[in-house]
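Right, one structure below, let's go through it.
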Amino acid sequence: MGFQLILDGEEHDVAIVRRRPHLVLRIDGIQHEFSEIGGPGDGLHALKCGKHPIDFIRASDNERQIIRLGGRTFEVDLTDPFSEGMESGGNMDAVRSPMPGTVVSIQCKEGDTVVRGTPLVTIESMKLQTVLSAMREGTVAEILRAEGETFEKDAIIVMLEPETEKA
Amino acid sequence: MSDPLFNKVLVANRGEIACRIMRTLTDMGISTVAIHHAAESKARHVQMADKAVEICGETPVAAHLDMGQIIEIARKLEVDAIHPGYGFLSENANFAAAVAEAGMTFIGPDAETIALMGDKISARNFAEKHNVAVAPSVMPTDDLEDFIEKAADIGYPLLIKAAAGGGGKGMSIVREAGALVEAARIASSEAQRYFGDGRVYAETFVDHPRHIEVQILGDGKGGAIHLFERECSVQRRFQKIIEEAPAANLSSELRDEICTSATRLAAAAHYKNAGTVEYILGADGRFFFLEMNTRLQVEHPVTEMITGIDLVRAQIEIAAGKGLPLPQSEVRTSGHAIECRICAENPEQDFMPETGVVRHLGVPEAEWLRFENALTHGQKITADFDPMLAKLVAHGPDRDAAIERSIAALGELALLGVKTNIDYLARLINHDAFRTAELHTGFIAQHRDDLAPKALNETERAQILAAAFLGFRQTRDLIVGTPEPHAAIGGWRN
């Protein structure tokens, strides 16, 4: 059975090939055998990949696994095969805030035609100002926050009209 | 044992610095009072204090800036003194005055000194008058055209900053005449917005400057000593990221000249408290006064580690009228110390602030290591406060050893659940140019590409994916077969 994991924004295929006597996973087409798989849950664990022992720390954060391995930290998500359709086109319509903050000023109005990179709103978080720009060309459908309003991380600030199929 | 210098001290701060101050207060037998907003009622500084009082405000930060409320709490609890930490009210002359008026001791300089050093212009004039070198400059004026004309006369590059500013807000560098007008206009409008004072100021910009600062202690009667210098050249947007003591590759003559100049300034101001005199140092050995911080500095632990002097204790003793802890001739240093500021931010996305929940905290321990923090498991990291979460400070017999130890400690440190700059800091300290101390305030911009994370190879990627795959309940259950008993008895391998 295969799964898609997302690491650094890229999808990777992981499938269970065998469970006994040792776990074998096919990761991006290559088989890896694990003679030790470590305990469940968060904390310090050890893996044995082939003959190589690997220590790592794992913490789960909702649906995400955070792995600290070799002095580096990574976030890994498991994709839900049923929500696949939403991912690609849907996201480009919504201009989201990458961090929590406050709207400082709005540089567009509903109905405006924008191109990729057109500044839409200026936001401020922890005294740093950032301009949110359009990620594609299109038309501003709705501005969801007014100047001075606060918002959480990933909140939608501006919506563009959905892209119509090009003939 | 003799009586403590104060019976009860309120710490008007939060986070790691409140914890750090309370540690020394407790050591000195002084009872501690913490203040906190409702959003941080389970915070470490609240748990550490002998008494904790909730403060209200429209935002948590506003609560911590509410002087009247804080002084009222202190009065009610019969507090003897208030320690302001850094940030918040620490450099607010009105607060220092109000604490004194309420009959309590402000652990810091008097209000006049804070006001003198808090304004860039008056501080600069004072420094100049006492033979502390200042960079050629244009005094601020409301007349922007006059300002632009005079600024052009100094020549380029030129640094423009807000007269009332701090922390890099409203600063810009102008490299050619054509860019001056626009830069002055923007700086003035930013100054107005951030500080409510649109006056701007310009001075000669030193290319490839190093940020060198001197830790001083003053007794308030004209007596002052220095505890040598720190280098804080590794900065981003004028915010320090890595600090060390002593500064590398500084001739003993130059070190002496800079440190003596700082002591001279502190003595002339009849400075009372720990303070920091900041300079920029050019490649040609010229150094100019930047500003004086009239408080405990974020990076004070590096000085403590090389001198063995507890700066918070010194502040308290000075405030209690005990004078300086030791004469200049007895100040010695040993080895080298490096501090890394751990922040909730994403270095791969232009250092955007991050939020999250502390899901795992693993801190290495060693006698040469200090991890200054107030983190607790399950703690929410929000945008309510500054993104700095902790400081990792490593000491070694020399700079190379301190570097190796810092890299090892950063590698071992695990703070999961919020993105941080920990891995970035390790790459930075491991960079050849850092190791050879080719430091200047543009270091991070200059080496930006080198400081990006290395791409993973196939094996590394497979290990990470497997580690995660074994963590998701959905996939782990498939592997283990019988779902939960293993988790319940706590181990697969046993």
Where does segment B:44-87 land on the Kirkwood hydrodynamic radius, alpha-carbon pairs, in angstrom?
11.5 Å
What residues qualify as long-range amide H neighbours of residue B:247, i.e. H under 5 Å apart, gap of 5 or more or another chain, H built at 1.01 Å from N?
B:229, B:231
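Apply 1/(1 + (r/R0)^6) to the Cβ-Cβ distance of residue A:122 and residue B:7, taking R0 = 45 Å, and write down the FRET efficiency to the nearest 0.05.
0.35
Within 10 Å of each Cβ in peptide B:472-479, how many partner chain Cβ atoms are there on average? Round it to a whole number, please.
Details: counts 9, 5, 4, 8, 3, 1, 4, 6.
For this peptide, the per-residue mean of nearby foreign Cβ atoms is 5.
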In whole Hz, what ³J(HN,Hα) sequence does segment B:20-25 give by Karplus (6.51, -1.76, 1.60; θ = phi - 60°), x for Gly and Pro?
5, 5, 5, 4, 5, 4
Toward the positive end of the charge dipole of segment B:65-148, about the Cα centre and with charges on Cβ (Lys, Arg +1; Asp, Glu -1), which of B:147, B:84, B:122 goes farthest?
B:84
To one decimal place, what Kirkwood hydrodynamic radius in Å is obtained for segment A:96-167 from all pairs of distinct Cα atoms?
12.3 Å
By the C-alpha gyration tensor axes a ≥ b ≥ c (rounded if a/c is under 1.5, else prolate when a/b exceeds b/c, else oblate), the shape of segment B:152-211 is oblate
Hand me the GluC sites (Glu not before Pro) from segment A:102-167 located in a DSSP loop with no more than 10 other Cβ atoms within 10 Å, in residue order please.
A:165
Length-normalised contact order of chain B, Cα under 8 Å, at least 6 apart, in percent, tallies to 12 percent
Rounded to the nearest 10 Å², the accessible area of residue B:2 using a 1.4 Å probe with every protein chain kept is 100 Å²
Would you check the accessible area of residue B:307, probe 1.4 Å, heavy atoms only, in square angstrom rounded to 10?
20 Å²
Per residue, what volume in Å³ does the convex hull of the Cα atoms of segment B:357-408 enclose?
88 Å³
Residues whose modelled amide H sits under 5 Å from the amide H of residue A:3, counting only those 5 or more places away in sequence or on another chain, are A:14, A:15
Give the average, rounded to an integer, of partner chain Cβ atoms located within 10 angstrom of each Cβ in A:33-41.
6
Calculate, for residue A:18 and residue A:161, the FRET efficiency according to 1/(1 + (r/R0)^6) with r their C-beta to C-beta distance and R0 56 Å; round to the nearest 0.05.
0.65
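Can you give the extra length, in nm with one decimal, that the chain gains between residue B:181 and residue B:380 once fully stretched, where that is 0.36 nm per residue apart less the Cα-Cα distance?
67.2 nm
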Taking the dipole about the Cα centre of segment A:6-135, with the C-beta of Lys and Arg at +1 and of Asp and Glu at -1, give me whichever of A:105, A:123, A:57 is farthest to the positive side.
A:57
Dividing the Cα convex hull volume of segment B:99-254 by residue count, how many Å³ per residue is that?
157 Å³
Hydrodynamic radius of segment B:48-171 per Kirkwood, over alpha carbon pairs, in Å
17.3 Å
Cα extents of chain A along the three principal axes, largest first, in whole Å?
63, 45, 21
Shape verdict for segment B:98-143, please, from the Cα gyration tensor: rounded (a/c under 1.5), prolate (a/b greater than b/c) or oblate.
oblate
Calculated diffusion of segment B:383-480, Stokes-Einstein form, Kirkwood radius summed over Cα pairs, 4 °C and 1.567 mPa s, µm²/s:
79 µm²/s
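What is the sum of charges around residue A:22, taking Lys and Arg as +1, Asp and Glu as -1, for the other residues whose C-beta is under 10 Å from the C-beta of residue A:22? Mind dumping the intermediate values first?
Values: positive: A:18, A:19, A:20, A:48; negative: A:33, A:36.
Summing Lys and Arg as +1 and Asp and Glu as -1 gives +2.
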Spherically averaged projected area in nm², based on the convex hull that wraps the Cα atoms of segment B:284-430:
11.7 nm²
Cα shape, the protein assembly as shown, gyration tensor, a/c 1.5 rule:
prolate
Debye log10 I(q)/I(0) at q = 0.05, 0.12 Å⁻¹ for chain B, Cα point scatterers:
-0.21, -1.17
Counting as exposed only trypsin sites (Lys or Arg not before Pro) in DSSP loop states with no more than 11 other Cβ atoms inside 10 Å, the longest exposed-site-free span of chain A is A:52-108
With every protein chain left in place and a probe of 1.4 Å, what is the accessible surface of residue B:142, to the nearest 10 Å²?
130 Å²
Using a 7 Å offset from the Cα along the Cα-to-Cβ direction at both residue B:412 and residue A:48, what is the distance between the two label points in nm, to one decimal?
2.6 nm
Averaged over the residues of B:423-436, the number of partner chain Cβ atoms within 10 Å of each residue's own Cβ comes to 1
Could you list which residues have their amide H under 5 Å from that of residue B:390, counting only those 5 or more apart in sequence or on another chain, with H placed in the peptide plane?
B:342
First measure r as the distance between the Cβ atoms of residue A:139 and residue A:8, then evaluate 1/(1 + (r/R0)^6) with R0 = 45 Å and state the FRET efficiency to the nearest 0.05.
0.90
Sort out the exposed loop GluC sites (Glu not before Pro) in chain B (DSSP loop, at most 14 other Cβ within 10 Å) and tell me the longest stretch that has none.
B:177-364
Give me a comma-separated list of calculated 3J(HN,Hα) values for segment B:337-351, in order, Karplus coefficients 6.51, -1.76, 1.60 applied at θ = phi - 60°, integers in Hz, x for any Gly or Pro.
10, 10, 10, 10, 8, 8, 10, 7, 7, 10, x, 7, 10, 6, 6
Provide the gained length on full extension for the span residue B:329 to residue B:456, in nm with one decimal, where the gain is 0.36 nm per separating residue minus the Cα-Cα distance.
40.4 nm
Segment B:168-264: trypsin sites (Lys or Arg not before Pro) falling in loop per DSSP and having at most 13 other Cβ within 10 Å
B:175, B:221, B:237
About its Cα centre, what dipole magnitude does segment B:331-465 give when the only charges are +1 on Lys and Arg Cβ and -1 on Asp and Glu Cβ, stated in debye to the nearest 20?
240 debye
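The values are calculated or read from the model by the stated rules, or taken from the named source; none is laboratory data. Computed from a predicted structure; not experimentally measured. Every residue, glycine as well, gets a Cβ built from its backbone with ideal geometry; the counts of neighbours run over all protein chains shown. Heads up: the accessible areas ignore ligands, DNA and RNA and are worked out on the full protein's heavy atoms, side chains in. Shrake-Rupley method; radii C 1.70, N 1.55, O 1.52, S 1.80 Å.
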